[in-house]
């Protein structure tokens with residue numbers, strides 16, 4: 001089965017171009033938010049055996065995006081910008097950097113080897129960004145590193161388009177249980193610092 005990790009940069013650029021065209025069509029039809037996502041593997045909810053992406057046109061901003069906007073307003077600035085500045089200074093959870101983007105294992109990852117790809121500079125709309133193709137390519141690099149470390153892994157990846165846009169990638173190495181589903185508290189058995197170290201070497 002071909003995964004996103006097997007796609008060339010040119011193919012990923014075409015994915016980015018398609019996402020941007022479909023998002024533009026959605027906005028023209030009055031949909032304010034487009035959720036772009038990739039599910040790979042049966043355990044991650046994939047409906048097809050091969051890698052594919054989906055775009056869902058939403059009439060309202062999703063609750064998680066709204067929550068982030070409220071947090072930014074309360075903090076008086078971009079939370080992700082502050083997090084990235086700290087991560088880039090400490091460098092213990094950074095996996096790779098290139099093309100104005102950062103790939104890292106976030107401090108409070110929900111699953112082992114969770115990854116985040118974000119522009120270093122604050123950027124609002126991924127569907128007008130010149131960095132979207134490069135972000136997909138860096139995410140694919142992270143997936144290749146994960147495959148080298150752990151073998152083929154089911155995963156979910158989505159584009160978080162509100163505020164400082166970014167890609168979130170969650171491998172499905174463990175099952176969500178009652179605490180995660182019932183209370184929203186995630187138990188991650190692998191420290192992100194350790195995960196980043198493994199992926200840097202993979």
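A compact table of results
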| quantity | calculated |
| --- | --- |
| Count of segment 102-116 residues which are surrounded by 15 or more Cβ atoms within 10 Å (Cβ to Cβ) and in a loop (DSSP other than H, G, I, E, B) | 9 |
| Test for residue 68: is it surrounded by 17 or more Cβ atoms within 10 Å (Cβ to Cβ), at pLDDT below 90 and closer than 23 Å to residue 121 by Cβ | yes |
| Single residue of segment 153-179 satisfying the filter (touching a residue at least 24 places away in the same chain (Cβ under 8 Å) and out of contact with any helix residue (DSSP H, G or I) (no Cβ under 9 Å at 6 or more places or on another chain)) that is nearest to residue 109 (Cα to Cα) | 168 |
| Scope segment 180-191; condition in contact (Cβ under 8 Å) with a residue 60 or more places away in the chain and over 29 Å from residue 61 (Cα atoms); matching residues | 189, 190 |
| Verdict on residue 103 being within 19 Å of residue 129 (Cβ to Cβ) and at pLDDT 95 or above | yes |
| Subset of segment 181-202 [surrounded by fewer than 16 Cβ atoms within 10 Å (Cβ to Cβ) and not in a loop (DSSP other than H, G, I, E, B)] | 181, 182, 183, 193, 194, 197, 200, 201 |
| In segment 146-172, the residues that are surrounded by fewer than 19 Cβ atoms within 10 Å (Cβ to Cβ) and under 15 Å from residue 202 (Cβ atoms) | 147, 148, 149, 150, 151, 152 |
| Unique match (being surrounded by 17 or more Cβ atoms within 10 Å (Cβ to Cβ) and farther than 13 Å from residue 164 by Cβ) among 89, 59, 40, 97 | 40 |
| Among residues of segment 146-174, those that are in a strand (DSSP E or B) and under 18 Å from residue 189 (Cα atoms), counted | 4 |
| Considering residues of segment 117-135 that are out of contact with any helix residue (DSSP H, G or I) (no Cβ under 6 Å at 6 or more places or on another chain) and in a loop (DSSP other than H, G, I, E, B) only, the residue nearest to residue 87 (Cα to Cα) | 120 |
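The values are calculated or read from the model by the stated rules, or taken from the named source; none is laboratory data. Owing to the predicted nature of the structure, the values given are computational and were not obtained by experimental measurement. Note: ideal-geometry Cβ built from the backbone for every residue, glycine included; neighbour counts use all protein chains shown.
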